[in-house]
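The values are calculated or read from the model by the stated rules, or taken from the named source; none is laboratory data. Computed from a prediction, not measured in an experiment: that's the story for all the values here. Don't worry about glycine lacking a Cβ; one is built from the backbone with ideal geometry, like all the others, and counts go over all protein chains shown.
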Amino acid sequence: MSNWLIYYLLFIFVFWMLFSNRKQTEKYIEAKIKRRNGDKDMQELAKRFIGKDVLINTVASGTIDGILKEVVDNAVVIDRNGAESVVNLDYVIRLREYPTNKNGKRKTVITD
């Protein structure tokens, strides 16, 4: 008599685990889809700045500046004094054109 009770509880436990894991999987997939759609928007916005002197604020490395050369997949290529840097758009917080003064030169002090 006790064997069927153990099997029954085991059976219910397995289905409960599968159901809870499915919810987590669905949440993960939804978040991934939202990120992917957001990345396309950021790529389109970054393409507007190709060939311009830009200032990029990132999550980890602070600020990167230089001329935006190209937008590839989910990254941008920045040229700074002949050296290229590649920045992943997932970590970009802000992307803007480098501020210039009335003579067209870069501003030395940037205030936001």
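Just one residue in the set V76, V71, V86 is touching a strand residue (DSSP E or B) at 6+ places or on another chain (Cβ under 6 Å), part of a strand (DSSP E or B), more than 15 Å from V59 (Cβ to Cβ) and β-branched (V, I, T); that residue is V86. Scan the range 94-101 and tell me whether some residue there is aliphatic (A, V, I, L, M), assigned to a strand (DSSP E or B) and either in contact (Cβ under 8 Å) with a residue 12 or more places away in the chain or surrounded by fewer than 14 Cβ atoms within 10 Å (Cβ to Cβ) (or both). The answer is yes, given that some residue of the range 94-101 is aliphatic (A, V, I, L, M), assigned to a strand (DSSP E or B) and either in contact (Cβ under 8 Å) with a residue 12 or more places away in the chain or surrounded by fewer than 14 Cβ atoms within 10 Å (Cβ to Cβ) (or both). Can you confirm whether E44 is within 18 Å of L95 (Cα to Cα) and either at pLDDT below 85 or within 18 Å of the chain's Cα centre (by Cα) (or both)? Spelling it out, E44 is indeed within 18 Å of L95 (Cα to Cα) and either at pLDDT below 85 or within 18 Å of the chain's Cα centre (by Cα) (or both).
Counting only residues that are β-branched (V, I, T) and in contact with an Asp or Glu (Cβ under 8 Å, 6 or more places away or on another chain), how many does the range 73-90 have?
Total satisfying the criteria: 3.
Scanning the range 60-112 for residues that are more than 30 Å from K34 (Cα to Cα) and of a type in the set (A, V, I, L, M, F, W, C) turns up A83, V109, I110.
Just so you know, in the range 82-91 the residues that are out of contact with any Ser or Thr (no Cβ under 6 Å at 6 or more places or on another chain) and in contact (Cβ under 8 Å) with a residue 12 or more places away in the chain include one that is surrounded by the most Cβ atoms within 10 Å (Cβ to Cβ), and it is L89.
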